[in-house]
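Accompanying notes for the structure given below.
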Amino acid sequence: METPSIEVDKTLRSKKFVGLLIVALLVTYALPFPLMSGFMESYGRVKEILRLMEKENDAITCHSVFNSNPDFFGSHGMKCDDTYYRPSEPTVSCCGMSVYRDTYWEYLRASSEMREKLPLMVIFAVWAFLTNLSFGYALVDAAVELAREEKRALESIKAGLKALPALVAAELLTFVVVLIALVLLAIPIAIFGPFGSFVAGILATPTFALVVPAYYFTGNVGVVGEIWRVARANPGGYFTLGLGLSIVDVFLVLQYEYYMGALTLLILLPLGAVRYVINSLGALWVYVETIPEEEIEGET
């Protein structure tokens, strides 16, 4: 299939594209929100307790060191924060920390509740994976057909559903290749700590985003070669795509740690919209703007 030119501004103003995007958000986030809300609330509670446990551990450790020789440490200006220190309360060891027993039991209760709700979260994760692929394909189809001829949004949705099995296979094959690459890069990633993980995300996320446009234009499940062509010929677009997706994903993850009820859904919808646009239209634009393989070979 010949790759057309994509007018991003025109596509974003298209009622068809915007309508598809709204349907995608409702199906992906709003409809299954009850499935994940309970888990998100429990997960947020567990993270909140863990943060409290870290503060208690710091306070207990500081006072333990200070009390071992108060004259010496006091003369050197050492001070401990008493906000999270309860000297009369019993402590236990958990997660490599010393914490108060009542906090530990609260952590166990919250963790147990989270595990009970995990199956619903797994269902949501599978649902989100499938809908992202299907609607991602539909949005790519809508953007391409907008540049060619008029096509109803329902036809794009049907095309996405029809292509779903092949897209799943393409994503899984790509995942295996990316996993092998990340294993080979595990040592340098670990050396740089959180920054290394962020860079790994920038390298990995565009590969999954490019699966849909690569399959759309080639019709082949094995799209790793096409993705490598894009990364090699258009590194600026590839890494910009990865940076955009990684930043959005950071904010999406924060919604799980800081659950705010219905407000979480109101935040998820615009974040999801941005991710859908980058993951579909952004990936499509990077793909179609990449130099064809024959031109790359002519330059080498």
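General remarks:
- Glu257 falls short on exactly one of the conditions (1) of a type outside the set (Phe, Trp, Tyr); (2) surrounded by fewer than 17 Cβ atoms within 10 Å (Cβ to Cβ); (3) touching a Lys or Arg at 6+ places or on another chain (Cβ under 7 Å); (4) at pLDDT 85 or above, and that condition is (4).
- Of the numbered criteria (1) aliphatic (A, V, I, L, M); (2) farther than 18 Å from Lys117 by Cα; (3) in a helix (DSSP H, G or I), the one Met40 fails is (2).
- The requirement of being of a type in the set (Phe, Trp, Tyr), free of Cβ contacts under 8 Å to residues at least 40 places away in the same chain and open to solvent by 50 Å² or more (accessible area, probe 1.4 Å) is fulfilled somewhere in the range 157-177, by at least one residue.
- With respect to the conditions (1) in a helix (DSSP H, G or I); (2) at pLDDT 85 or above, Ser98 lacks only one, and its number is (1).
- Residue match in the range 69-80 (condition: surrounded by 12 or more Cβ atoms within 10 Å (Cβ to Cβ), in a helix (DSSP H, G or I), of a type outside the set (Gly, Ala, Ser) and touching a residue at least 40 places away in the same chain (Cβ under 8 Å)): no
- Of the residues making up the range 99-133, those that are under 28 Å from Leu25 (Cα atoms), surrounded by fewer than 19 Cβ atoms within 10 Å (Cβ to Cβ) and aromatic (Phe, Trp, Tyr) are Trp127, Phe129.
The values are calculated or read from the model by the stated rules, or taken from the named source; none is laboratory data. In this text, all values refer to a predicted model and were calculated from it rather than measured experimentally. All Cβ positions, even for glycine, are placed from backbone atoms using ideal geometry, and neighbour counts span all protein chains on display. Note: areas computed on protein heavy atoms with side chains; ligands, DNA, RNA excluded. Shrake-Rupley method; radii C 1.70, N 1.55, O 1.52, S 1.80 Å.
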